[in-house]
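Engineer: There's a structure below that I have some questions on.
The values are calculated or read from the model by the stated rules, or taken from the named source; none is laboratory data. Worth saying up front: this structure is predicted, and the values here are computed from it rather than measured. Neighbour counts run over all protein chains shown; Cβ positions are idealised from the backbone, glycine included. Surface accessibility is based on the protein's heavy atoms, side chains included, excluding ligands, DNA and RNA. Shrake-Rupley method; radii C 1.70, N 1.55, O 1.52, S 1.80 Å.
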Amino acid sequence: MSSMQQHAERPQPQPRSAYAQFVRVTSRWADNDAYGHVNNVVYYSWFDTAVNRLLIEKGVLDIEASSSIGLVVETQCHYFAPVSYPQDVDVGVRVAHLGKSSVRYELAIFVAGQAQSAACGHFVHVYVDRSSRRPVALPDATRQALESLELQ
């Protein structure tokens, strides 16, 4: 079997119903690259912005004082359709896995008003002590907030 046959089927755009919550993000002129569309690195920024906004809104992240913080240890994105300034996007968020000290978020970028995602990806947070940077168990309040982002 070739290495190409061992890989799963290519990811496909997802519908909005595949995500638990959405965060609206406004694109900026500076997000476009020389090819006239949003540069790939901006998608990761949108993922990070959406997750952290939800954690702040749910009261489980104080960016200056929380004793534990989530560090991104893995990330990936698949692109299906271009996004360009001045399009606004909705970032779909769901929690795919909760571990003892980690969480895997699955995210999608939807151009506002579109039913199918322009991109889909994931990232993994490992929770660590802010000072020592050693892994810690997810705080109970954080776990509860993240459970609300799991699809049943």
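Engineer: Report the calculated FRET efficiency for V41 and A81 (r = Cβ-Cβ distance, R0 = 22 Å), to the nearest 0.05.
Structural biologist: Rounded to the nearest 0.05, the efficiency is 0.80.
Engineer: Turning to a different aspect of this structure: Under a Cβ-only charge scheme (Lys and Arg +1, Asp and Glu -1), can you give me the dipole magnitude of the chain about the Cα centre, in debye to the nearest 20?
Structural biologist: So the dipole magnitude of the chain works out to roughly 200 debye.
Engineer: With all protein chains present and a 1.4 Å probe, how do S101, S45 order by accessible area, largest first?
Structural biologist: Largest accessible area first, the list is S45, S101.
Engineer: Oh, and also: Write down the accessible area per residue of the chain in Å², having rolled a 1.4 Å probe over the full set of protein chains.
Structural biologist: In whole numbers, the chain has 57 Å² accessible per residue.
Engineer: Would you compute, from DSSP H runs of 4+ residues alone, the mean residue ellipticity of the chain at 222 nm, taking -39500 (n - 2.57) per run and dividing by the full residue count, rounded to the nearest 500?
Structural biologist: Rounded to the nearest 500, the figure is -6000 deg cm²/dmol.
Engineer: Find, among the trypsin sites (Lys or Arg not before Pro) in segment 28-128, those assigned to loop by DSSP (not H, G, I, E, B) with at most 16 other beta-carbon atoms within 10 angstrom.
Structural biologist: Within segment 28-128, the qualifying trypsin sites (Lys or Arg not before Pro) (loop, at most 16 other Cβ atoms within 10 Å) are R28, K58, K100.
Engineer: I'd like the distance between the alpha-carbon centres of segment 92-127 and segment 50-64, rounded to an integer number of Å.
Structural biologist: Cα centroid of segment 92-127 versus Cα centroid of segment 50-64: 15 Å apart.
Engineer: Taking 0.36 nm per residue of separation and subtracting the Cα-Cα distance, what length does fully extending R104 through W29 add?
Structural biologist: Difference between extended and current length: 24.0 nm.
Engineer: Any chance you could tell me what percent of the C-alpha pair distances in segment 34-148 go past 19 Å?
Structural biologist: 47
Engineer: I've got another one for you. Non-local amide H neighbours of Y85 (under 5 Å, H modeled in plane, Pro and chain starts lacking H): which ones?
Structural biologist: Hits under the 5 Å cutoff: N32, V38.
Engineer: Which trypsin sites (Lys or Arg not before Pro) in segment 106-147 pass both tests, a DSSP loop state and at most 16 other beta-carbon atoms within 10 Å?
Structural biologist: Within segment 106-147, the qualifying trypsin sites (Lys or Arg not before Pro) (loop, at most 16 other Cβ atoms within 10 Å) are R130, R133.
Engineer: Related question: Expressed as a whole percentage, what fraction of the accessible surface of the chain belongs to carbon and sulfur atoms when a 1.4 Å probe is rolled over the protein heavy atoms?
Structural biologist: On the chain, the fraction of accessible area on carbon and sulfur atoms equals 50 percent.
Engineer: At most 10 other C-beta atoms within 10 Å and a DSSP loop state: those are the exposed GluC sites (Glu not before Pro) I care about. Give me the longest piece of the chain that has none.
Structural biologist: 65-152
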